[in-house]
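Participant: I have a structure I would like to understand better, so I am pasting it below and will then ask my questions one at a time.
The values are calculated or read from the model by the stated rules, or taken from the named source; none is laboratory data. Model, not experiment: these values are computed from the prediction. So basically every Cβ, Gly included, is an ideal-geometry build from the backbone, and we count neighbours across all protein chains shown. All accessible areas refer to the heavy atoms of the entire protein, side chains included, with ligands and DNA or RNA removed. Shrake-Rupley method; radii C 1.70, N 1.55, O 1.52, S 1.80 Å.
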Amino acid sequence: MNPTMTPGPVAAANHKESLVNNVMETRGLRVAYSGRDVLHGVDLPFGTGLVTAMVGPSGCGKTTLLRTLNRLSELTPGCKVGGQVTIDGEDCLHMDPVLLRRRVGMVFQRPNLFPMSIRENVLYGVKAQGTTPKERYEELLEGSLRKAVIWEEVKDRLDECALALSGGQQQRICIARTLAVEPEVILMDEPAGSLDPRSTGKLEESILAMRGDVTVVIVTHDVPQARRVSDRLAFMYHGHIVEVGDTRQLFENPAQDATREYLAGGLVTINTETDDSIDLSGVAVAE
């Protein structure tokens, strides 16, 4: 277990969501790499069955926050984590990380398939866990490929090498592989970052198809994409959550000028000398 820092003041303390409606939640989450603070007391709930998109300028801490949810950030030397991360009310930071990652899956920016068949790729995690009856394999295979919106494209090619697929198809196979182990949460770090527009559209269909069945947290620099696929939107800046709430409301009537500027495609004009000097006294959570 990595050493932890003493939690700092909780930012945006007026969050009104409760754990009853949220599968995961961070409270006072602080992350530092080699003594450099990256996240500053982040409070953020993730609604059960909802898609939450995190947006903000490069370097604002989005990916660090995402990777801390299933403790991948701890794999970086010099990482220190403080505060709380919970799943179904359980303390993630003191949980067996292997067991946590079974419940909180991850899809990376670039597809990371194995040099084996589509079938074997999708069922890899299921077989590795060794707890699922073989009688369920075909059910999980088809179900996850359907949810990833790629079943019709590969149903007659299941025994072919997955690496022969296009980049967009490979990314959806990665999503299917993650879905096959039936996680509660799927984290996505710029999953369309290397895809063409058509492939991006298919991937967004997959995200929308998961809504209601699994909680999705996506980091994206594509603001229009965040608007298209998410139920909830969190705007980050310099390691803080500036504003979080219903996606439509934040686009139409954000409480913070900085949120409005960023979502409109402009430059954020928060005046700050250091990360900790940002004035969060007016940060609000949209209902």
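Participant: How big is Rg to Rh over region 118-174, alpha-carbon atoms, Rh as the Kirkwood inverse-mean-distance radius?
Facilitator: That ratio equals 0.95.
Participant: Taking 0.36 nm per residue of separation and subtracting the Cα-Cα distance, what length does fully extending Ser34 through Glu160 add?
Facilitator: 40.9 nm
Participant: Right, something else. With every protein chain present, what is the per residue accessible area of the chain (1.4 Å probe, Å²)?
Facilitator: Result: 44 Å² per residue.
Participant: What's the local net charge at Ala164, with K and R +1, D and E -1, over the other residues with C-beta under 15 Å away?
Facilitator: -2
Participant: If you don't mind, another one. Starting from the eigenvalues of the Cα gyration tensor, five times each then square-rooted, give me the equivalent ellipsoid semi-axes of the chain, largest first, whole Å.
Facilitator: 33, 21, 16
Participant: Then there's this: Restricting to the chain, what percent of DSSP beta bridges are antiparallel, rounded to 5?
Facilitator: The antiparallel proportion sits near 60 percent.
Participant: How much space per residue, in cubic angstrom, does the convex hull of the C-alpha atoms of region 39-196 take up?
Facilitator: Output value, Cα hull per residue: 138 Å³.
Participant: On to the next question. Measure off, as a whole percent, the carbon and sulfur share of the 1.4 Å-probe accessible area of the chain, all protein chains present.
Facilitator: 49 percent
Participant: Let me ask something additional. What angle do you read, to the nearest 10 degrees and between 0 and 90, between the alpha-carbon axis of helix 197-210 and the longest principal axis of the chain?
Facilitator: Value to nearest ten degrees: 90.
Participant: By a straight-distance test (C-alpha under 21 Å), which lysines pair with Lys147 as possible cross-link partners, with residues fewer than eight away in the same chain excluded?
Facilitator: Lys127, Lys134, Lys155, Lys202
Participant: Let me ask another. Report, to the nearest 10°, how far helix 137-147 tilts away from the longest principal axis of the Cα atoms in the chain, using its own Cα long axis and a range of 0 to 90°.
Facilitator: The two axes meet at around 50 degrees.
Participant: Order of 56-67, 78-89 by packing, highest average Cβ count within 10 Å first?
Facilitator: Most protected by this proxy first, the peptides run 56-67, 78-89.
Participant: Can you compute the FRET efficiency between Glu152 and Asp257 using 1/(1 + (r/R0)^6), with r the Cβ-Cβ distance and R0 = 30 Å? Round to the nearest 0.05.
Facilitator: Computed FRET efficiency for Glu152 and Asp257: 0.05.
Participant: Obtain the nm distance between the two label points defined at Ser194 and Glu135 by a simple spin-label model: each point lies 7 Å from its Cα along the Cα-to-C-beta direction.
Facilitator: Between Ser194 and Glu135, the label points sit 4.0 nm apart.
Participant: Provide the net charge surrounding Val107, with neighbours chosen by a C-beta distance below 11 Å and charges set as Lys +1, Arg +1, Asp -1, Glu -1.
Facilitator: Neighbour charge sum, excluding Val107 itself: +1.
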